[in-house]
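A quick write-up on the structure given underneath.
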Amino acid sequence: MVASDMLHSNNNTHVPPPDHPVINPKNYDDLLTVVSAIRAQVDVPLEAEIGIICGSGLGVIGDQVENPIVIPYSKIPGFPVTNVPGHKGNLLFGTIAGKKVVCMQGRFHPYEHQMNTALCALPVRVMHQFGIKTMIVSNAAGGINKNFQYGDLMLIKDHIFLPGLAGHSPLIGLKDPRYGRLFTSLHDAYNKDLRNLAIAVANAKKMRLFEGVFVMSGGPQYESPAEVNMFKTVGADALGMSTCHEVIVARQCGITCLGFSLITNIANLNVENSVEVSHAEVLETAKEAGERASSFVCDIIANM
Ligand SMILES: O=P(O)(O)O[C@H]1O[C@H](CO)[C@@H](O)[C@H]1O
């Protein structure tokens with residue numbers, strides 16, 4: 001069975017009980033309940049300054065966390081779970097380069113959860129409760145920019161959040177003032193100082209690194225060539241099905257963000273010579289590039 005066939009075959013090691021109810025992400029007290037449930041799992045205080053989100057096949061970044069405390073999502077009452085191959089479904093607490101981190105080894109995609117972007121971004125609020133001030137978010141993405149090759153890394157300098165523009169913002173319906181400003185500004189969503197730091201790290205490592213605009217579509221189907229052309233026309237360089245809702249929530253929480261895409265496939269621009277895109281291919285490229293991506297993240301953290 002190839003990875004793409006396993007999308008609904010629950011290949012995770014941590015299968016939640018069927019009665020695993022998910023909290024209401026728009027109820028702030030429910031959020032605090034989840035945080036307490038996580039704290040109750042271990043007998044040491046949990047805190048972190050940096051949050052990390054691993055994209056498809058990029059769980060290897062989480063493997064860099066030293067002395068990790070591993071909490072499976074399925075063991076956290078009220079927390080969603082993920083069945084997407086390449087997302088392990090663990091929350092890790094530990095250190096990287098001496099800095100306290102919390103890492104999501106697996107994320108929630110809106111297409112898995114009825115486009116409930118608030119629920120999918122809930123872990124960002126949880127990480128915020130544990131003290132993070134900075135978040136590094138990664139994803140696997142299709143390359144639109146003609147200069148991109150398989151395995152390239154693209155720093156996200158800005159985004160186009162298609163589901164958000166179509167009414168699926170994670171901030172809709174938040175009434176509790178403890179959430180922060182409803183009218184969140186995205187003027188510096190992908191922080192310039194952190195991008196400059198990442199560029200300096202890449203230069204020191206003699207790594208290929210691009211900067212570009214990331215577009216999030218709803219998925220789970222991959223985009224048609226006509227859709228990819230539309231995204232190219234509006235200025236997108238890479239496309240995926242995650243990240244934007246997480247960064248928006250992070251910005252509402254006042255968290256500074258750095259984001260990057262691993263180009264796992266080249267998006268089809270020409271219907272006449274288009275090729276099949278598969279999650280198996282995405283995972284294969286992520287596997288090849290994973291070590292480079294995780295070493296990049298570790299060096300950025302070391303230099304923060
Ligand atoms: O965004 P991440 O989690 O890296 O996953 C990407 O890979 C999957 C498609 O292959 C989609 O879920 C897309 O969003």
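The values are calculated or read from the model by the stated rules, or taken from the named source; none is laboratory data. Quick caveat: nothing in here was measured; it's all calculated off a predicted structure. We place every Cβ from the backbone using ideal geometry, glycine too, and count neighbours over all the protein chains shown. Ligands, DNA and RNA are stripped out before the accessible areas are found, and what is left, the full protein with its side chains, is counted by its heavy atoms. Shrake-Rupley method; radii C 1.70, N 1.55, O 1.52, S 1.80 Å.
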**OP:** Kindly report the accessible area of the chain per residue (heavy atoms of protein chains, probe 1.4 Å, no ligands, DNA or RNA), in Å².
**Re:** 43 Å²
Original post:
Taking amide hydrogens as modeled 1.01 Å from N in the peptide plane, which residues meet the under 5 Å criterion relative to C257, leaving out close sequence neighbours?
Top reply: M135, N191
Original post:
So what's the gap between the Cα centers of region 217-271 and region 273-303, to the nearest angstrom?
Top reply: 15 Å
Subject >> Links that overshoot a 20 Å alpha carbon limit, given the list K88/K133; K133/K192; K100/K133 >> reply: K88/K133
Original post:
Roughly what % of Cα-Cα distances in the chain sit above 27 Å, to the whole percent?
Top reply: 37 percent
Original post:
What distance in nm separates the simple spin-label points at N24 and L165, each placed 7 Å from Cα in the Cβ direction?
Top reply: 3.2 nm
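Could you sort 117-123, 22-28 so that the peptide with the highest average Cβ count within 10 Å comes first and the rest follow in order?
Peptide ranking by packing, descending: 117-123, 22-28.
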**OP:** Could you check how much of the accessible area of the chain is carbon and sulfur, as a whole percent, using a 1.4 Å probe?
**Re:** 52 percent
**OP:** Show me 234-246, 217-229 ranked by packing, highest mean number of other Cβ atoms within 10 Å first.
**Re:** 234-246, 217-229
Subject >> HN-Hα J in Hz across region 125-132 - Karplus 6.51, -1.76, 1.60, θ = phi - 60°, x for Gly and Pro >> reply: 5, 5, 4, 4, 4, 8, x, 5
**OP:** Please list 146-154, 45-53, 252-260 highest first by mean number of surrounding beta-carbon atoms within 10 Å per residue.
**Re:** 252-260, 45-53, 146-154
**OP:** Kindly write out, for region 235-247 in residue order, the coupling ³J(HN,Hα) from the Karplus curve 6.51 cos²θ - 1.76 cosθ + 1.60 (θ = phi - 60°), rounded to whole Hz, with x marking Gly and Pro.
**Re:** x, 7, 10, 8, 9, x, 10, 8, 5, 4, 5, 5, 5
Subject >> Candidate aspartates and glutamates - alpha carbon under 12 Å from K146, same-chain residues fewer than 8 apart omitted >> reply: D237
Original post:
Which percent, to the nearest 5, of DSSP beta bridges fully inside the chain are antiparallel?
Top reply: 35 percent
